[in-house]
Amino acid sequence: MFSSQTVGNFIKHIISQESGISINEIKESQSFFELGLDSISAIYLLELVENEYQIALTPLDFWDYPTIAEFSNYLVTTKLAK
């Protein structure tokens with residue numbers, strides 16, 4: 001079973017690696033836009049999440065759940081709930 005915190009930490013780790021922002025400076029309440037993700041980096045993040053958790057997502061998921069906290073919660077309560 002996955003938790004929002006575990007998924008959020010995975011996403012924060014990817015954003016930190018790609019952006020150079022310290023993982024400690026990334027807040028789950030920040031939007032992906034605030035963290036500097038553009039459409040290309042968002043698609044890359046989406047692909048990594050899909051591969052890590054073996055799920056299918058769409059780019060619209062980032063628009064519907066624009067923060068790490070919202071996106072993580074969405075994944076845990078819908079896509080990863082079994």
Which value in deg cm²/dmol, rounded to the nearest 500, describes the helix-derived mean residue ellipticity at 222 nm for the chain, given -39,500 (n - 2.57) per DSSP H run of n ≥ 4 and division by the residue count?
-16000 deg cm²/dmol
How much length is gained on full extension from W63 to N9, taking 0.36 nm per residue of separation minus their Cα-Cα distance?
17.5 nm
Specify the angular offset, from 0 to 90 degrees and rounded to the nearest 10, of the alpha carbon long axis of helix 4-19 from the longest principal axis of the alpha carbons in the chain.
40 degrees
What is the angle, in °, between the Cα long axis of helix 39-53 and the longest principal axis of the Cα atoms in the chain? Nearest 10 is fine, range 0 to 90.
40 degrees
Whole-Å distance, taken between Cα centres, linking region 41-79 and region 1-36:
12 Å
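Considering every pair of different Cα atoms, what Kirkwood radius, in Å, is found for the chain?
On the way: mean 1/r = 0.0801 Å⁻¹.
Computed over Cα pairs of the chain, the Kirkwood hydrodynamic radius comes out at 12.5 Å.
Bear in mind these aren't lab numbers, they're just calculated from the coordinates by the rules spelled out. What you see is a predicted model; the values in this text were computed from it and never measured.
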